[in-house]
Each structure stands twice: as C-alpha cells, then as structure tokens.
Amino acid sequence: MKIQQKITPFIWYEKGAEDAVAHYLKVFGSGEVLHTQRWGENSPGAAGTVMVVQFELLGQQMTAFNGGPHFKLNEAFSLMVACEDQAEVDHLWEQLPARGGKPKACGWVEDAWGLSWQVIPAAWFEMIRDPDPARVQRVFQAIWAMEKIDIAALKRAYA
C-alpha cells in the first residue's frame, strides 16, 4: 500500500465513529469514507461492529476508531477549520454541535461525540500576524470575549 499522507489524525471515540464521520461529511459537504473495518471474533469489540473508519474530509485523511471508554476526547486535541467568511462560521457553528454537542468559548464547539472543533475565520490568522502588538492584543481580547466568532467585531478590534 502506498502511503497517501504521512501524518493522519487518529480520533478515538467511545462509540459512534461511523455516525460521527457521516455527520462530518454532511456538514462539510466534501469527503468520503475510504475504508471501514469491523471487529472480528475474539477481539475487544463486538464481532461485526465498526472498529475503524478511514475517511477524507476536505482533502484531509483521518481515522475514526471505536475504542470504548478507555480514553476520552477533550480539548487537548481539536480540529481547526479556517473559514472564508461569516456565513461559513455560522454554518459550522450551527451544524457541528447538532445532535447533542455544545458551543464553547473563543470559537470552539464540541460535537455530539466529544470532538472539539475550532471554527476560526481565515482573517484572524492575518490579524494575529500583524507587526503591531497593540493591534494583535486587541484582536485576542475580542476573541476571548466571544463564543461564536464575529468577524466584523474582530475587524473593529483590529482597526
């Protein structure tokens, strides 16, 4: 097998990896399931149930694993999405937590399976690279006060 991608996010879910992947593909509207592996006989999971889903989302290959309750997802690992505009921020902010997730602070949202996403406008990356530290600090102060990112408010803080 030829290596397609040198580094691949491997996401451990207690259960529901197949549903999570289907949700992500629907939310982003771009990607596909590349392979689904099921648990075999005499393995930690119930024989025939989904163990691993390898998928591609917006060109990024990832692996979703139904590993049971041994490890829990938390904010120490998240996926950051650079959004082109406020409409994309709004769409992802609404759709990613659907089915039981919740919004968090500073552009973070948790999905129903416990995976954290950072829904960040691409403009923010440009703002924080500005050589004027006062401008950068104002942008950080603004984002720290937000849940869902408001691009217009960030631009006001930046100006």
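Quick look at the numbers
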{"quantity": "Dipole of the chain [Lys/Arg +1, Asp/Glu -1 at C-beta], most positive-end residue of LEU25, GLN141, ALA159", "calculated": "GLN141"}
{"quantity": "Peptides ranked, highest mean first, by Cβ atoms within 10 Å: ranges 26-37, 98-109", "calculated": "98-109, 26-37"}
{"quantity": "Taking N as its residue count, the alpha carbon Rg of segment 41-159 over 2.2 N^0.38 Å", "calculated": "1.31"}
{"quantity": "Accessible area (Å², per residue) of the chain, counting only protein heavy atoms and a probe of 1.4 Å", "calculated": "58"}
{"quantity": "Estimated FRET transfer efficiency when R0 is 35 angstrom, pair LYS15-GLN86 (beta carbons, to 0.05)", "calculated": "0.50"}
{"quantity": "Karplus-derived HN-Hα couplings along segment 120-131 (A = 6.51, B = -1.76, C = 1.60, θ = phi - 60°), whole Hz, x at Gly and Pro", "calculated": "10, x, 4, 4, 4, 4, 5, 4, 6, 9, 5, x"}
{"quantity": "By average C-beta atoms within 10 angstrom, highest first, the peptides 119-125, 88-94", "calculated": "119-125, 88-94"}
{"quantity": "In nm, spacing of pseudo-spin labels at LYS102 and VAL33 (7 Å Cα→C-beta vector)", "calculated": "3.0"}
{"quantity": "Total lysine pairs whose alpha carbons fall under 23 Å of each other in the chain (8 or more apart, or interchain)", "calculated": "12"}
{"quantity": "Fraction of antiparallel bridges per DSSP, the chain only, in percent to nearest 5", "calculated": "65"}
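The values are calculated or read from the model by the stated rules, or taken from the named source; none is laboratory data. Quick caveat: nothing in here was measured; it's all calculated off a predicted structure. Here the Cβ is made from the backbone with ideal geometry for all residues, glycine too, and neighbour counts use every protein chain on show. All accessible areas refer to the heavy atoms of the entire protein, side chains included, with ligands and DNA or RNA removed. Shrake-Rupley method; radii C 1.70, N 1.55, O 1.52, S 1.80 Å.
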